[in-house]
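In what follows, a structure is listed as C-alpha cells, so that the remarks can point back to it.
The values are calculated or read from the model by the stated rules, or taken from the named source; none is laboratory data. Quick caveat, the model's predicted, so the values are computed rather than measured. A quick note on method: Cβ atoms are made from the backbone with ideal geometry, for glycine too, and the neighbour counts reach across all protein chains shown. Heavy atoms of the whole protein, side chains included, go into the accessibility calculation; ligands, DNA and RNA do not. Shrake-Rupley method; radii C 1.70, N 1.55, O 1.52, S 1.80 Å.
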Amino acid sequence: MDYGLILLTIGVSFILAVISAPLLIPLLRRMKFGQQIRVEGPQSHQKKAGTPTMGGVVIILAFTITYLKFSVVNTDFYVLLVATLGFGLVGFLDDYIKIVFKRSLGLTPKQKLFGQLLFAGIITALLISEGHSTAIGIPGTDFAFDLGPWFYYPFIILMMLAISNAVNFTDGLDGLLSGVSGIAFGAYAIIAMQATSMVAAVCAAAMIGAVIGFLVFNAHPAKVFMGDTGSLGIGGAIAGIAIVTKSELLFLVIGGVFVIEMLSVVLQVISFKTRGKRIFKMSPIHHHFELSGWSEWRVVTTFWAVGLVLAVVGLYLNKGL
C-alpha cells in the first residue's frame, strides 16, 4: 500500500476544497441560495437564515477531481463513484428544490427514496457483476456468516439507505458533520489500507481532504452549509467504503454517532405516536443538548470526541490497533 499516495490525495483534496469554497460562497450569495430555517427548530438557529447552502458542491468537486486523478479503475472504483455522486445528486436536487421553489422540505419522501433506491440498485448490479462476497464478518472476531445473494444484496440496499439518511440527520450544527465524517473516513482509510484496497483507501482519503477543507468554512460560525448535496454524498461514500472493504457491521461502531442520531429520531417518532410524549426535547439528539443549555460549539466538539473514541474502538475491533 502506497502511504505517500494516500497523504498526497488528502492534501490535494484539501487544497481544492479550500480554494473552491471562497469562489463558490459569493456565487451562492448572488444567486440567493440561502438556507431556509425551519420555524420549529431551535430559536438560536433563526439567525442563520440566509447563510449560503448547497456548499456540499465543494466537497463533491474536490473529492471527484482527486479520486479520478489518484485512484485505479476497477469495479470497486465505479461502486464508490456511483455511491458518492449518485447519492450526492439526490441531495443536490433536494437542495435545489428547497432553494428555488422555497420549499423547506425539498424532495418529497417518495422522490428521495426513489433516487436512493435507484443508485443503490446500480451499485448492487456492479457488485453482483464482480462476484462480491456475500459473507458478513462479526467485528472483533474471526467469525463470518454467508447470507447468500438473496439476503445479502437486499441487506446492503437497506444499509445504504440507512447510512445515508443517518448521516443526513447528523448535519444540523456548524461543523458537526464535517468533523465527525472526517474522523470516520480516517478510520475507514486505515481499514482499507489493511485490506489492501487501494481504491477504497483513495476514496476515503479524498473525502478526508474534502470534508476537512470544507470545515474551514463550515466551523462555527459557518460561512456556508453543505446541504443535502454534501450530507447524502458523504453518506453514500461511507456506505460504499464499508461494503467494498467488507466491514459492513463495523459501521455500527465507527459510525456510532450517526447511528445514535438516527435512533434518536426513530425513538422520538415512535414515542410521540404511541404515547403522545417526546423522549427528547428535540430530535435529532444534537438539538436536545442545545435546548438543554449547551452551546453549539460544546455540542459539536463533544460529538467529535465521541466519534473519535468510537473510531478507535472500531479500529481495535478490526484488529487495526
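Odds and ends about this structure:
- Protection proxy ranking, peptides 172-180, 229-237, 110-118, 212-220, average beta carbon neighbours within 10 Å, highest first: 229-237, 172-180, 212-220, 110-118
- Sorting the segments 135-143, 67-75, 9-17, 268-276 by their mean number of nearby beta carbons within 10 angstrom, highest to lowest, gives 9-17, 67-75, 135-143, 268-276.
- In nm, spacing of pseudo-spin labels at T108 and L5 (7 Å Cα→C-beta vector): 4.6
- Accessible surface calculations at 1.4 Å, restricted to protein heavy atoms, place segment 166-321 at 35 Å² per residue.
- Protein accessible area in segment 208-258, 1.4 Å probe - carbon and sulfur %: 74
- HN-Hα J in Hz across segment 222-232 - Karplus 6.51, -1.76, 1.60, θ = phi - 60°, x for Gly and Pro: 5, 8, 7, 9, 7, x, 5, 3, x, 5, 6
- F87 sits among other residues whose Cβ lies under 15 Å from its own Cβ, and their net charge, with Lys and Arg +1 and Asp and Glu -1, is -3.
- Average projection area in nm² (convex hull over Cα atoms of the chain, one quarter of hull surface): 15.9
- Solvent-accessible area assigned to carbon and sulfur over segment 68-164 amounts to 73 percent, based on a 1.4 Å probe.
- Residues whose placed amide H lies under 5 Å from that of S197, excluding near-sequence neighbours: none
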